[in-house]
Amino acid sequence: MTHQHTMVHALQQAGEQSRNRARMLISCPDRAGIVSAVSKFLYEHGANIVQSDQYTMDPEGGMFFMRIEFDMEQLDGKLSQVESEFESIASEFNMQWRISRVSKKKRIAIFVSKEDHCLVELLWQWQAGDLDAEIAMVVSNHPDMKEYVESFGIPYVHIPVDPNNKPEAERKQLDAVEGKVDLIVLARYMQIISPKFIEKYPNQIINIHHSFLPAFVGGKPYQQAYNRGVKLIGATGHYVTEELDGGPIIEQDVQRVTHRADVNELKRIGRTIERVVLARAVHWHIEDRILVYQNKTVVFN
């Protein structure tokens, strides 16, 4: 069986399971009766809850977060009615909420520059059927990976960026992704994203920072780490906000190193961590496992 056939088979199996499955994400001020009201509502609408997670910051006046996966026969036909009828509960508890169908795959645009390790990891996981999303396009300021990306049947959008054409280049990028993507992944994309761009995709742009934030922000973090003689190096996956490298953190990982590791060795170890951390963050986003509150995330995994 070819790679393509394996992937198609895996996707067909997943499709059968996910057809009637949905996820509900809720955040609201904590008070008694939330879980009961939501569970009763779903039960009365013929839903079978298959997974439920909750977290409260502080039972006395804190915020409450909840993620529920449920199956419902003929979900497509019933969903809009369920959503409109849930409004009364949502307003009673002052909820921020959304329901998403598992079968409706999120569409991803991957932005990349010259370093390919994070992109390759995501493409490999997608091809293996492990990344349950549609990669709509890869956008790059360099032509280097065009042939490789197109070999997967994925469109490659090359938009050169230089200091003089940044606004124009960004306008082309926005045109390319407009209405076509639900998530933008910066897979070692080495350009600053403007506030105007970020505004259009709030908590929908994930970046991998090649350092363990909040230490070593900005450029050359491995050189900074080496200069400081660190004993741990890491990577951070976070949502992009206007504050450079300061958005809500989704995932981090570290590896122990010794004085023997030079800058190149730190980079080599770092690349492996970056690939894993970014892939995890993307997985959790597309599986609706992340709730953002202020500048923090609650990740149900």
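The values are calculated or read from the model by the stated rules, or taken from the named source; none is laboratory data. What you see is a predicted model; the values in this text were computed from it and never measured. Here Cβ is always computed from backbone atoms with ideal geometry, including for glycine, and neighbour counts include all displayed protein chains. Side chains are part of the model used for accessible areas, which takes the heavy atoms of the whole protein and leaves out ligands, DNA and RNA. Shrake-Rupley method; radii C 1.70, N 1.55, O 1.52, S 1.80 Å.
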>> If I ask for residues that are crowded, with 20+ Cβ neighbours inside 10 Å and among the charged types (D, E, K, R), which ones from the range 264-287 would you list?
In response: E274, R275
>> Test of understanding: among I208, I249, I184, which residue is within 21 Å of A281 (Cα to Cα) and touching a Cys at 6+ places or on another chain (Cβ under 7 Å)?
In response: I208
> Would the range 191-199 turn up any residue that is within 19 Å of E242 (Cβ to Cβ), modelled with pLDDT of 95 or more, of a type in the set (A, V, I, L, M, F, W, C) and touching a Gly at 6+ places or on another chain (Cβ under 6 Å)?
Replying inline: no
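What are the residues in the range 288-298 that are part of a strand (DSSP E or B) and open to solvent by less than 40 Å² (accessible area, probe 1.4 Å), if any?
Answer for the range 288-298, where residues must be part of a strand (DSSP E or B) and open to solvent by less than 40 Å² (accessible area, probe 1.4 Å): I290, L291, T297, V298.
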>> For the range 61-77, give me each residue that is aliphatic (A, V, I, L, M), part of a strand (DSSP E or B) and open to solvent by less than 10 Å² (accessible area, probe 1.4 Å).
In response: M66, I68, M72
> Which strands (runs of 3 or more DSSP E) does the range 187-260 wholly contain that include 3 or more residues that are open to solvent by 10 Å² or more (accessible area, probe 1.4 Å) and touching a residue at least 40 places away in the same chain (Cβ under 8 Å)?
Replying inline: 249-256
> So which of M145, M137 ends up being within 28 Å of E168 (Cα to Cα) and in contact with an Asp or Glu (Cβ under 7 Å, 6 or more places away or on another chain)?
Replying inline: M145
> If you check D253 against the conditions, is it at pLDDT below 90, closer than 27 Å to N295 by Cβ and among the acidic types (D, E)?
Replying inline: no
> Given (1) more than 24 Å from W284 (Cβ to Cβ); (2) surrounded by 16 or more Cβ atoms within 10 Å (Cβ to Cβ); (3) among the hydrophobic types (A, V, I, L, M, F, W, C), where does L174 come up short, assuming only one miss?
Replying inline: (2)
> With V149, V181, V120 as the choices, which residue is closer than 23 Å to I250 by Cα and part of a helix (DSSP H, G or I)?
Replying inline: V120
> Counting just the residues of the range 106-156 that are among the basic types (K, R) and touching a residue at least 40 places away in the same chain (Cβ under 8 Å), which one comes out surrounded by the fewest Cβ atoms within 10 Å (Cβ to Cβ)?
Replying inline: K114
>> Suppose the filter is more than 30 Å from L174 (Cβ to Cβ) and either modelled with pLDDT of 95 or more or touching a Gly at 6+ places or on another chain (Cβ under 9 Å) (or both); does I286 pass it?
In response: no
> Looking at the range 43-85, which of the residues that are in contact (Cβ under 8 Å) with a residue 24 or more places away in the chain and of a type in the set (S, T, N, Q) is farthest from D30 (Cα to Cα)?
Replying inline: Q74
>> Quick test for you: out of H259, H238, H158, pick the one residue that is at pLDDT 95 or above and over 21 Å from the mean Cα position of the chain (by Cα).
In response: H158
>> Just the residues that are within 30 Å of I135 (Cα to Cα), open to solvent by less than 40 Å² (accessible area, probe 1.4 Å) and either outside any strand (DSSP E or B) or modelled with pLDDT under 95 (or both), please, taken from the range 1-60.
In response: M7, A10, A14, G15, S18, N20
